[in-house]
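The values are calculated or read from the model by the stated rules, or taken from the named source; none is laboratory data. None of the values given here were measured: they were computed from a predicted structure. All Cβ positions, glycine included, derive from the backbone under ideal geometry; neighbour counts span all protein chains shown. The accessibility values were calculated without ligands, DNA or RNA, using every heavy atom of the protein model including side chains. Shrake-Rupley method; radii C 1.70, N 1.55, O 1.52, S 1.80 Å.
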Amino acid sequence: MAEQLGVAVTAQGEERPLGPGERYLSADDIEALALGAWILGTGGGGSPYLNLLNVRELYKQGHKVVLKDPMTLPDDALVAVLSTQGAPVVGMERLGDPENSLKPLRILEDYLGRKFDAVMPVEIGGGNGVMPLMVSAISGLPTIDADSMGRAYPEAQMTSFSAAGLQCFPLAMADVRDNEILIKKADSWKWMERISRKICTEMGSTASTCKAPRSGAEVKKFGVLHTTTKAISLGHAVFEARANHTDPVAAIVENCAGLKLFKGKITDIERRTTEGFLRGRAELEGMDEDQGKQFTLDFQNEFSVGSQNGEPVVMTPDLICVVDSVNGDGIATETIRYGQRVTVLALPAPDIFLTPRGLELVGPRAFGFDFDYKSVF
């Protein structure tokens, strides 16, 4: 199947002819992807910086990454859905490792008795949007231009594949201590989340994972498509605005059909790492056109609800993106700090999460809030 997919490079960087719907990602594309994924991460997904450094080094060594249009996947292709699971704050202290990120894929291949044909991120947001590129570069497998969230979410059941009712198992996990875990079966997506989260916590609140494998037909029908291209386009738009000395925040809003909600500075931040999550709240004081107003951001790895004067005004599944007011950089829940000048943006949610099943999985009640979803759009 790999030959049918037209894999363009081997693990040693030897070029082969590109297959249908495939293109090389340039070094500039990867820089843009890291920035775009950081913004789309809605505060989570882990910092893309260390993964970006790894991909830069792999490119220097001659490796290349091929991006493949999901609509050109054969129906029977086998796709590995990759992520780093855990509390993002741990990623600030533990360096990323391409070989460790590859381990869960190999574990599942051994269990399934079949090689994967391609990889994809479970979420385009943050470091998880870049992580599969490391695996692509060292394995020769193409990265599919899709994910299962269109952003970042903290729990395993919060995916388009879960919303579609697809199988949640098997799942493989690995950590830097050479611990390897295979969960052959789980009763439900929620049980898979509970079991893997407990294991992840014991592994130090971070682990490389390969989620339940997906067929090409499932990716095409139930994935959130072309999100890698979306993140690359967003990153390029911000880079261009900086180069032209125009407003990067306005470029984000225009590129993603978003809304600017609040501009201010961080006056208080409370966060704690518990049960494999980073939870907390940030308080903002308005600046410029929002002078004299107050804004609150609640988060569980990602920003989940934004409130003004005590009333919720934006909530998941709409994307709540907090960016630097000057340069448009994404700001994560683990790096947001007192005194930062930030702008809160809202971007539209993928349609799959606006369905009754999608809202059950990722609406505000799924995060413990006692109110129903109301879109800021």
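Remarks
- Most positive-pole-ward Cα, 152, 188, 51, against dipole of region 42-197 from beta carbon charges: 51
- Cα Rg, Dmax (largest Cα-Cα span) when computed across region 283-351, Å: 11.7, 36
- Helix 27-40 and the long axis of the chain differ in direction by around 50°, with both axes built from C-alpha atoms.
- Overall, the accessible surface of region 296-359 at a probe of 1.4 angstrom is composed of carbon and sulfur to the extent of 51 percent.
- Of the Cα atoms belonging to the chain, the radius of gyration and Dmax stand at 19.5, 62 Å.
- Peptides 185-191, 282-288 ordered by average Cβ neighbours within 10 Å, highest first: 282-288, 185-191
- Protection proxy ranking for 109-115, 164-170, using the average of other Cβ atoms within 10 Å per residue and placing the highest first: 164-170, 109-115.
- In degrees, nearest ten, helix 49-60 long axis to first principal axis of the chain (Cα): 40 degrees
- The calculated FRET efficiency for residue 288 paired with residue 369, based on their beta-carbon distance and R0 = 25 Å, is about 0.30.
- A simple spin-label model places the labels of residue 311 and residue 351 3.2 nm from each other, with each point 7 Å out along Cα-to-Cβ.
- With contributions of -39500 (n - 2.57) from each DSSP H run of at least four residues, the per-residue ellipticity at 222 nm computed over the chain stands at -9000 deg cm²/dmol.
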